[in-house]
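Participant: Can you keep this structure in mind? I'll have questions shortly.
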Amino acid sequence: MTSGISKSVSNGTLAEITTVANKYTNSFFLNVVEEPAQNLFPESQMKNLAFLLEAANVNDENKIVMTTHSPYVLSYITLAAKAYELMNKGVKCDFSTQKQNERQ
């Protein structure tokens, strides 16, 4: 390991830190977000939520706990949950065509 810490820490101490870090590496994360839509326009709220959901879906064990007063976030969450439900039923959606049509 060649980092800034390795220059100021002895090899034995660095090995101990690495051992402890490897022992406590988590296999999932709990993301707690308070008012993610604060001071954002609706489109930015949707992008923010999409990023959070994408991060949460990296692992089946990941979780998000979120508080919001935004009707837009609630709507986007509902749509995302419905899309997930349809995906699990085997329904395939291709939004790339829709996005191309919107650009024209």
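What follows is calculated from the coordinates using simple rules that are stated; it is not laboratory data. Because the structure is a prediction, the values reported are computed rather than measured. Cβ coordinates were reconstructed from backbone atoms using ideal geometry, including for glycine residues, and neighbour counts include every protein chain displayed.
Participant: Under 15 Å between alpha carbons, and skipping anything fewer than 8 positions from K47 in its own chain: which aspartates and glutamates qualify?
Facilitator: Filter leaves E35.
Participant: Here's another thing I want to ask about it. Roughly how many whole Å is it from the C-alpha centroid of the stretch 22-37 to that of the stretch 71-94?
Facilitator: So the separation of the two Cα centres works out to 23 Å.
Participant: What does the charge dipole of the stretch 28-103 about its Cα centre add up to, to the nearest 20 debye, if the Cβ of each Lys and Arg holds +1 and the Cβ of each Asp and Glu holds -1?
Facilitator: 260
Participant: Now for a separate question. Just to be sure I follow: if Rg is taken over the C-alpha atoms of the stretch 28-103 and Rh is the Kirkwood radius over the same atoms, what is Rg/Rh?
Facilitator: Reported Rg/Rh (Cα atoms, Kirkwood Rh): 0.99.
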